[in-house]
Each structure stands twice: as structure tokens, then as C-alpha cells.
């Protein structure tokens, strides 16, 4: 029997003397640990969404109209007037108008921002050390240990 076979079968030394019993056709159950992953939801971060007011200068080109007064003089044929010249002078008032621009501000919606979440599936590798029981056979004297089933050779 090779040293590897002895190790797998556990033929590498004396038992520590715990729980000894003498039986024929006895069964020893071998156990091993298996990794089992468990998950739980934890908060991994947070996103805050808010607004901030920024200012910018805007300029509008606004067409405006204004009136100009024109005074024209031209000669006429001399003809008699229906009214005499009075002691006070006559004043002619002509209103002059122009467009005056004022600026009003109105809030308008220019964009909408939707915030949502989506689940992204990925695989994470975890590892740990597991233990396994192997059979330990100690033979005393002139005993031949036979192998059956899945026992290594």
C-alpha cells in the first residue's frame, strides 16, 4: 500500500483512544463540510437628487417702434385767411409715442428627470476552507485490510 493510499485510508498512526468499540460489520459515517452561500440586502450607498439655481444672462432682440416729428415748411398761394390774428399765439400739441420694453419672467418646465432603480445580476466568487473526515484504519498484528467499493488503490 502506498503512502497516499495509507493517508486516504487513514493508515498513518495510532488513534487517540476515543470511543473505541469492537464490532463486526460496523459502519462509520464520514462527514464533510460544504459551502453554502447566504445573501442579505444591505444599503451600499445612496443617491440624492435635488435642484440648484444657476443664473445666466439672456438677451432678447425686440423690434420697437417710435414716432419722429417732422416739420415741413412749403410756400402756398397767398389767399385771404378766415380768422384774424389774435393777441395770443396758437400752440399745436402733437403727442409723440414710442414702444417701451419691459421684461417679465415666467417659469417654464424645460426638462424632466426620472429617477429609478434596476437590479443588475452578477456573480460574486466566495471561498473558504472546508473540512472533511477521512477513514483512519489502524491494523495491529498480521491483519490484511481489504478494500471494496470506492476505496482507493
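Here, each number is a calculation from the coordinates, and none is a lab measurement. Quick caveat: nothing in here was measured; it's all calculated off a predicted structure. All Cβ positions, glycine included, derive from the backbone under ideal geometry; neighbour counts span all protein chains shown.
Residues in the stretch 41-74 that are in contact (Cβ under 8 Å) with a residue 60 or more places away in the chain and under 24 Å from residue 107 (Cα atoms): 49 only.
Yes/no matrix, rows are residues, columns are (1) touching a strand residue (DSSP E or B) at 6+ places or on another chain (Cβ under 9 Å); (2) loosely packed, with under 10 Cβ neighbours inside 10 Å:
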{"site": "83", "(1), (2)": "no, yes"}
{"site": "88", "(1), (2)": "no, yes"}
{"site": "96", "(1), (2)": "yes, yes"}
{"site": "101", "(1), (2)": "no, yes"}
{"site": "105", "(1), (2)": "no, yes"}
{"site": "147", "(1), (2)": "no, no"}
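Of the residues contained in the stretch 115-133, none is found to be touching a helix residue (DSSP H, G or I) at 6+ places or on another chain (Cβ under 9 Å), surrounded by 10 or more Cβ atoms within 10 Å (Cβ to Cβ) and within 30 Å of residue 28 (Cβ to Cβ). Quick one: which of 138, 104 is on the phi < 0 side of the Ramachandran plot and touching a residue at least 60 places away in the same chain (Cβ under 8 Å)? One residue alone meets the criteria, 138.
Quick one: is residue 108 in a loop (DSSP other than H, G, I, E, B) and either under 49 Å from the mean Cα position of the chain (by Cα) or farther than 30 Å from residue 27 by Cα (or both)? Yes, satisfied.
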